[in-house]
Amino acid sequence: MNAFFNLFSRKKRLISFTERLSELVVSGISIQKSLGIMGRISATDKRLSEFCYSLQKSLADGTKFSVAISMSDFVKSPDWYVAYISVAEECGAVSPVLLHLKNLLCHEKESFEKFVSALLYPGLLVFLTAIAGFCSIQFFLPSFSELFSESEKTAKAIETEAFRTMISADAVLFAGFLLIVWLAARVIRVSPCLNVLRTMDFLSENSVPTLAAVNCAFSFCEKDKKLARALLSVRNELLDGEKIALCFGRCFERAGFKKEGLLLSENLSLCEETGKNNGFKKTVNFISAKKERREKAFLSLVQPVLLLLASFYITLILKTAFLPYITNFGGLI
């Protein structure tokens with residue numbers, strides 16, 4: 001449990017660190033001096049203050065900023081974060097990179113919050129439905145059987161069957177909820193492919209060489225072997241002198257990203273003909289808009305599907321537990 005809360009505190013600390021550092025660096029203050037200022041003003045977070053002072057000391061000793069961040073235990077930074085800092089050091093674009101990192105981290109946080117909020121209502125509904133089923137079988141059914149049952153043996157059989165039905169219905173209900181959680185994670189999460197394209201878009205806009213941008217983008221695909229293979233192919237073909245549009249389109253298609261590859265190839269080819277530099281941006285905007293439409297469609301379906309599942313659950317409990325008394329024993333119908 002401590003590791004769980006520590007993970008989120010580290011992410012929060014990294015967002016706070018990046019946001020403050022970007023504000024100071026953009027205002028024209030050097031990184032080393034900015035770290036000293038942050039160490040003094042971070043009174044509410046001693047670990048962040050210690051982190052800033054340790055980075056300042058490392059920079060004073062001649063260590064690279066990216067290396068100092070990657071070696072620290074105070075703030076756990078992902079590989080893509082360090083990759084961005086490395087590119088910024090090589091190309092002298094620290095200010096825009098820090099701003100972009102802040103936006104990426106905030107977007108990652110918003111995606112997680114959207115995921116949690118999307119599952120809050122379904123989780124509450126599933127929990128309350130299961131509680132209602134349990135209470136009806138555990139407390140209401142015995143009283144009901146005392147009133148309407150003529151045979152204790154028959155009442156016992158109905159109660160046993162109702163309990164078995166409740167267990168099966170609970171399993172179906174929670175399986176449905178877990179399926180929604182899995183689908184929500186796939187729909188809401190940002191794909192590594194989109195992160196790669198965003199990286200290429202930002203770095204190309206800031207005049208970072210394509211090979212350096214590809215190396216930075218490679219840090220987003222640690223767990224995606226297909227995407228890693230595509231970027232390695234792109235890098236090899238670029239070294240062989242192939243055109244950027246052909247490299248990205250062909251390599252992404254070969255790796256299984258057919259739609260992204262075709263779209264990227266068309267946009268990059270169009271930009272080469274017009275002399276513009278927004279091929280990656282057009283592709284990112286199109287994929288992002290499509291992702292948002294998919295999220296809205298999914299979130300609009302979650303509530304009715306769960307209500308239908310809960311209605312089926314309650315109906316099944318009522319039919320198994322109470323309907324036999326109403327139709328056969330109680331003489332109410």
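Given the options Phe252, Phe286, Phe248, name the one that is in a helix (DSSP H, G or I) and at pLDDT 85 or above. Please lay out each step first, then the result.
Values: Phe252 fails: at pLDDT 85 or above; Phe248 fails: at pLDDT 85 or above.
Unique residue meeting the criteria: Phe286.
Of all residues in segment 90-102, which are closer than 18 Å to Asp79 by Cβ and at pLDDT 80 or above?
Within segment 90-102, the first condition is being closer than 18 Å to Asp79 by Cβ, and the residues that meet it are 90, 97-98, 100-102.
If the condition is that a residue be closer than 18 Å to Asp79 by Cβ and at pLDDT 80 or above, then Val97, Leu98, His100, Leu101, Lys102 are the ones that fit.
Is there any pair linking a residue in segment 211-228 that is under 21 Å from Asp240 (Cβ atoms) and in a helix (DSSP H, G or I) to one that is basic (Lys, Arg) and at pLDDT 80 or above, with Cβ under 9 Å and at least six apart or on different chains, and which?
What qualifies is Leu211/Arg235; Val214/Arg235; Asn215/Arg235; Ala217/Arg198; Phe218/Arg235.
Would you check if Glu292 is under 21 Å from Arg198 (Cβ atoms), touching a Phe, Trp or Tyr at 6+ places or on another chain (Cβ under 7 Å) and open to solvent by 30 Å² or more (accessible area, probe 1.4 Å)?
Working: under 21 Å from Arg198 (Cβ atoms): yes; touching a Phe, Trp or Tyr at 6+ places or on another chain (Cβ under 7 Å): no; open to solvent by 30 Å² or more (accessible area, probe 1.4 Å): yes.
No; evaluated as a whole, the condition is false for this residue.
Looking only at segment 23-39, which residues are more than 31 Å from the chain's Cα centre (by Cα) and either within 13 Å of Lys57 (Cβ to Cβ) or assigned to a loop (DSSP other than H, G, I, E, B) (or both)?
Passing the criteria: Ser27, Gly28, Ile29, Ser30, Gln32, Gly36.
Which numbered condition trips up Ser86, out of (1) crowded, with 20+ Cβ neighbours inside 10 Å; (2) among the polar types (S, T, N, Q); (3) not in a helix (DSSP H, G or I)?
Status for Ser86: all satisfied but (3).
The values are calculated or read from the model by the stated rules, or taken from the named source; none is laboratory data. Since the structure is predicted, the reported quantities are computational estimates derived from the model, not experimental observations. Note: ideal-geometry Cβ built from the backbone for every residue, glycine included; neighbour counts use all protein chains shown. In case anyone asks, the SASA skips ligands and DNA or RNA and just uses the protein heavy atoms, side chains included. Shrake-Rupley method; radii C 1.70, N 1.55, O 1.52, S 1.80 Å.
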